[in-house]
1. Does any residue in the range 185-207 that is free of Cβ contacts under 8 Å to residues at least 12 places away in the same chain come within less than 9 Å, Cβ to Cβ, of a residue that is exposed (fewer than 15 other Cβ atoms within 10 Å of the Cβ) six or more places away or on a different chain, and which pairs are these?
2. Answer yes or no: is there a residue in the range 177-185 that is within 11 Å of the ligand (Cβ to nearest atom) and of a type outside the set (A, V, I, L, M, F, W, C).
3. Determine which member of the set Gly220, Gly198, Gly185 is in the same structural domain as Ile110 (by TED's automatic domain parsing) and either of a type in the set (Gly, Ala, Ser) or more than 18 Å from the chain's Cα centre (by Cα) (or both).
4. From the set of residues in the range 63-83 that are surrounded by fewer than 18 Cβ atoms within 10 Å (Cβ to Cβ) and within 22 Å of Leu217 (Cα to Cα), which is nearest to the ligand (Cβ to nearest atom)?
5. If I filter the range 167-176 for residues that are of a type in the set (A, V, I, L, M), more than 16 Å from the ligand (Cβ to nearest atom), without any contact (Cβ under 8 Å) to a residue 60 or more places away in the chain and surrounded by fewer than 16 Cβ atoms within 10 Å (Cβ to Cβ), do I get at least one hit?
6. Scan the range 185-207 residue by residue and report those that are in a loop (DSSP other than H, G, I, E, B) and surrounded by 15 or more Cβ atoms within 10 Å (Cβ to Cβ).
7. Residue by residue through the range 44-89, note down the ones that are in contact with a strand residue (DSSP E or B) (Cβ under 8 Å, 6 or more places away or on another chain), in a loop (DSSP other than H, G, I, E, B) and under 29 Å from Ala14 (Cα atoms).
Amino acid sequence: MERLQKVIAEYGYASRRKAEELIKSRKVKVNGILVTELGTKVSKEDIISIEDNVINKEINYEYYLLNKPRSVISSVSDKEKRTTVVDLIDTKTRIYPVGRLDYDTTGLIILTNDGTLANILMHPSFAIPKTYIAKIRGELTKEEINTLNKGIKIDNRVVNIKKLKIKRKDLEKNTSLVEITIVEGRNHIVKRIFNELGHDVIKLSRTNYAFLNLDGLKSGDYRKLSIKEVKKLYSLK
Ligand code: URA
């Protein structure tokens, strides 16, 4: 058992002094009951709220960057018992993927238990750029490239394409490798862009997410993000 003001301070909510003021000004409840006594002792199990907002217990945040293989599902669990991205990470913490890659899409995906960062990264207003390499059937005509650069409409909403580059054409196999950078995260968006122009996507991989890339990570490998990288992701807000 610890003094309430000490626990509030340990959770990082306020300094001990400020915590004492909050208690005295009748803003703190323990298990839903108003507490005004400074000496009140609480345990880790008690639920502390300040102005009716439950304050977070100490949480150790974890951040991973995974090179997702094919045939792995981007969710925490799967009814069909398929391998999930979370299964590939060796941790006991309840982490989850930030956004999704399709079952057959490979490449860069972030996993964390930090909901604040996940929300920032997924929020459309922060427009985080993501780069994909798509192997498509056929080759893009000049008109199609123009259409893409002007902004193609999917479900009546324009997709803003930040960068488009034809990396390679295989005339024999009738395929092309296209690098595309977009800032949005609608489901299957890259496949839908190319499908809209009549090109099937045969393979798709995400190579970059904001300033992050897959350098040194083989398929199925992962690494922790550094504190510097996490701070930089936060600063994208
Ligand atoms: N766009 C897609 O079509 N699939 C993905 O997995 C990601 C983006």
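1. Once the first residue is free of Cβ contacts under 8 Å to residues at least 12 places away in the same chain and sits in the range 185-207, its partners that are exposed (fewer than 15 other Cβ atoms within 10 Å of the Cβ) give Asn195/His188.
2. Filtering the range 177-185 for residues within 11 Å of the ligand (Cβ to nearest atom) gives 180, 182, 184-185.
Narrowing further to those that are of a type outside the set (A, V, I, L, M, F, W, C): 184-185.
The answer is yes; a qualifying residue exists.
3. Numbers: Gly198 fails: in the same structural domain as Ile110 (by TED's automatic domain parsing); Gly185 fails: in the same structural domain as Ile110 (by TED's automatic domain parsing).
It is Gly220.
4. Within the range 63-83, the subset surrounded by fewer than 18 Cβ atoms within 10 Å (Cβ to Cβ) is 69-71, 75-83.
Next cut, within 22 Å of Leu217 (Cα to Cα) only: 69-71, 75-76, 83.
Details: Pro69: 13, Arg70: 11, Ser71: 13, Ser75: 13, Val76: 17, Thr83: 16 Å.
Among those that are surrounded by fewer than 18 Cβ atoms within 10 Å (Cβ to Cβ) and within 22 Å of Leu217 (Cα to Cα), it is Arg70.
5. Step one: list which residues in the range 167-176 are of a type in the set (A, V, I, L, M), which gives 171.
Now restrict to residues that are more than 16 Å from the ligand (Cβ to nearest atom): 171.
Within this subset, residues satisfying the condition of being without any contact (Cβ under 8 Å) to a residue 60 or more places away in the chain are 171.
Restricting the remaining residues to those that are surrounded by fewer than 16 Cβ atoms within 10 Å (Cβ to Cβ) gives 171.
Yes, some residue in the range 167-176 is of a type in the set (A, V, I, L, M), more than 16 Å from the ligand (Cβ to nearest atom), without any contact (Cβ under 8 Å) to a residue 60 or more places away in the chain and surrounded by fewer than 16 Cβ atoms within 10 Å (Cβ to Cβ).
6. Filtering the range 185-207 down to residues in a loop (DSSP other than H, G, I, E, B) leaves 185-188, 197-200.
Result: Gly185, Leu197, His199.
7. Of all residues in the range 44-89, those in contact with a strand residue (DSSP E or B) (Cβ under 8 Å, 6 or more places away or on another chain) come to 46-50, 52, 54-55, 61-70, 72-78, 82-86, 88-89.
This time we only want the ones that are in a loop (DSSP other than H, G, I, E, B), so: 46-47, 52, 55, 61-62, 69-70, 72, 74-78, 82-83, 85, 89.
Once the filter is applied, which keeps residues that are in contact with a strand residue (DSSP E or B) (Cβ under 8 Å, 6 or more places away or on another chain), in a loop (DSSP other than H, G, I, E, B) and under 29 Å from Ala14 (Cα atoms), the range 44-89 yields Asp46, Ile47, Asp52, Ile55, Tyr61, Glu62.
The values are calculated or read from the model by the stated rules, or taken from the named source; none is laboratory data. Computed from a prediction, not measured in an experiment: that's the story for all the values here. Counting neighbours? That spans all protein chains shown, and the Cβs are built from the backbone with ideal geometry, glycine included.
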